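Inspection log for the structure reproduced underneath, given as structure tokens.
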Amino acid sequence: MTNQLAFDADGTFTIVQFNDTQDTHTTDRRTIALMHAVLEDADPDLVVINGDVISGGPTTELEVKQALNNVVLPMQERGIPFAVTFGNHDEDSTPLTGLDETAYLEFLSQYSCCANAPGAAVTGTGNQVLPVRSAAGDRDAFAVWLLDSGRYAPERIAGQDLEGYPSWDWLRFDQVEWYARTSRELEQRNGALVPGLIFQHIALWEHRFAWFGGVDRRTEEDHARARRRHGIIGERNEEECPGPFNSGLFSALLHRGDVRGVFVGHDHTNTYSADYYGVTLGYGPGTGFGTYGLGGEDDHRLRGARVFRLTQSAGDAADVAIDTEAVFASSYGIDLTAGYQPSQPAPFPAGVR
């Protein structure tokens, strides 16, 4: 991508979060319709597809590329910068196709609107920060952090199995260390903390703590207290699925004080956000119609996206206000009938192969 991200002349910048588009080369046509509708409505300056970009369904290299193409084409056609993070399912097809996440980024780099870089030399693929310049162009006014939260936990550590623990992955120390170091570098370069948002696929343990207002208790009374304390908005229809270990990222965020929110996917039917001690922890609704939802007649009720509207403060050049809301397919008149409605793979743009 050649164009630098920047606030508009009126001091605004809009981000759309899609996640769990999670499909094969025959992406459900309603996933694409939803993406088009949200892009038309929100007119974003940046789109993040936040993990599980594709499913494990592709069986050939061509099908992987077609699956990726289907879900980035809506942005490419509109000239909207986009970036992806990776989730636990993105490499499920790798044993058959031979393509891994590094190959996905190489493929996506052919798109003129792709904002992804190979990423930092730390655990995972594509860990990076996208600075957003101020409207005046004189400083980095915001930072969009893209983190790879991994895939699955190992079967054994130090000779011990992980039975009884969650089976998903977690951010490693070198990733958290990279964030803290890069955050300091941004502050030094700009003379002040640079506010930002983190996008990663798998939730932190703190997402669950925020919903219940504590670590050990899981009652409706606990949640009622949390709702008052943390200003919770949205639904929780499944348990959060973090990794077996707390990565320490949240502690690093409190220490640095620059990141205003951590937004995830992975748990398709959770849509909530919570102000957890000054950092908003939230979900983007699952976007893809080709993967699990609520089940039954309501299966697709929560298909959607999350929109962030950023505004530079007129009184403090180093501050940015963030408004966010979840938006849903039901608001755009998209068919929510249960089941799968496959499409034909979209043609590749010129210059992409």
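Only the coordinates and a few stated rules stand behind these numbers; no lab work does. Since this is a predicted model, take the numbers as computed values, not measurements. Note that each Cβ is placed from the backbone with ideal geometry, even for glycine, and that neighbours are counted across all protein chains shown.
Quickly estimate the mean residue ellipticity at 222 nm for the chain, helices only: each DSSP H run with n ≥ 4 gives -39500 (n - 2.57), and the total goes over all residues, rounded to 500. Display every interim value, and only then the final one.
Values: 8 runs with 89 residues, N = 353.
Theoretical 222 nm ellipticity from helices: -7500 deg cm²/dmol.
If the elastic network links every pair of Cα atoms under 10 Å, which of VAL262, VAL320, VAL215 fluctuates the most in the Gaussian network model of the chain?
Of VAL262, VAL320, VAL215, the Gaussian network model singles out VAL215 as fluctuating most.
Test of understanding: in a Gaussian network model of the chain with alpha carbons linked when under 10 Å, which of GLU77, GLU206, GLU325 would top the mean-square fluctuation ranking?
Comparing GLU77, GLU206, GLU325 in a Gaussian network model of the chain, the most mobile one is GLU77.
What dipole magnitude, in Debye to the nearest 20, does the stretch 12-332 give about its Cα centre under +1 on Lys/Arg Cβ and -1 on Asp/Glu Cβ?
Values: 26 positive and 47 negative charges, 163 e Å.
That gives the stretch 12-332 a dipole magnitude of about 780 debye.
Rg (Å, one decimal) plus Dmax (Å, integer) for the alpha carbons of the stretch 1-45?
Considering the stretch 1-45 through its Cα atoms, Rg and Dmax are 13.7, 40 Å.
Using modelled amide H (1.01 Å from N, peptide plane; none on Pro or chain starts), what sits under 5 Å from the amide H of TYR152, excluding residues fewer than 5 places away?
Here ASP169 satisfy the definition.
What order do you get for 246-254, 304-312 when each peptide is scored by the mean count of other beta carbon atoms within 10 Å, highest first? It would help to have the intermediate numbers written out before the result.
On the way: 246-254: 18.8, 304-312: 22.2.
The most tightly packed comes first, giving 304-312, 246-254.
Check VAL262: other-chain or 5+ apart residues with amide H under 5 Å from its amide H, H built from backbone geometry?
HN-HN under 5 Å from VAL262: ILE198, THR280, LEU281, GLY282.
Quick one: compute the contact order of the stretch 12-332, relative version, from alpha carbon pairs under 8 angstrom and 6+ residues apart, as a percent.
Details: 733 pairs, mean separation 63.5, N = 321.
Once divided by the residue count of the stretch 12-332, the mean separation gives 20 percent.
Treat each spin label as a single point 7 Å out from the Cα along the C-beta direction, and report the GLN4 to TYR340 distance in nm.
4.5 nm
Count the net charge of all other residues whose Cβ sits under 14 Å from the Cβ of ASN127, scoring Lys and Arg as +1 and Asp and Glu as -1.
Working: positive: ARG172, ARG181; negative: GLU101, ASP148, ASP169, ASP174, GLU177.
So the environment of ASN127 carries a net charge of -3.
Order these peptides, 59-71, 185-197, 83-95, by their mean beta-carbon neighbour count within 10 angstrom, highest first. List each step's numbers first, then the result.
Values: 59-71: 20.5, 185-197: 17.5, 83-95: 23.2.
Sorting 59-71, 185-197, 83-95 by mean packing, highest first, produces 83-95, 59-71, 185-197.
Calculate one ³J(HN,Hα) per residue across the stretch 83-89 by plugging θ = phi - 60° into the Karplus curve 6.51 cos²θ - 1.76 cosθ + 1.60, and present them in order as whole Hz with x for glycine and proline.
Per-residue couplings from phi come out as 9, 10, 10, 10, x, 6, 9 Hz.
Pull up all non-local amide H partners of TYR272: gap of 5 or more, or a different chain, and H-to-H distance under 5 Å with H placed in the peptide plane.
Here GLU235, TYR283 satisfy the definition.
Mind giving me the FRET efficiency for PHE173 and TYR152? R0 is 25 Å, r the Cβ-Cβ distance, nearest 0.05 is fine. Mind showing how you got there, number by number?
Numbers: r = 18 Å, r/R0 = 0.74.
So the FRET efficiency works out to roughly 0.85.
Taking the chain as a Gaussian network, Cα atoms linked when under 10 Å apart, which of ALA115, ALA136, ALA326 shows the biggest mean-square fluctuation?
ALA136
Over its Cα atoms, what ratio of radius of gyration to 2.2 N^0.38 Å does the chain give?
It is 0.94.
Which residues in the stretch 229-254 have a backbone N closer than 15 Å to a point placed 7 Å from the Cα of GLN160 along the Cα-to-Cβ line?
Label zone hits: 244-246.
Kindly provide log₁₀ I(q)/I(0) values, in the same order as q = 0.30 Å⁻¹, from the Debye equation applied to equal alpha-carbon scatterers of the stretch 253-295.
-1.01
Put +1 on the Cβ of every Lys and Arg and -1 on every Asp and Glu Cβ in the chain; which of THR27, ALA6, ASN88 then has its Cα farthest towards the positive end of the dipole?
Comparing the listed Cα positions along the dipole, ALA6 ranks first.
Rounded to the nearest 20 Debye, what is the dipole magnitude of the stretch 1-86 about its Cα centre when Lys and Arg each give +1 and Asp and Glu each give -1 at the C-beta? Don't skip to the answer; put the middle values down first.
Numbers: 4 positive and 13 negative charges, 44 e Å.
Using only the charged Cβ atoms, the result is roughly 220 debye.
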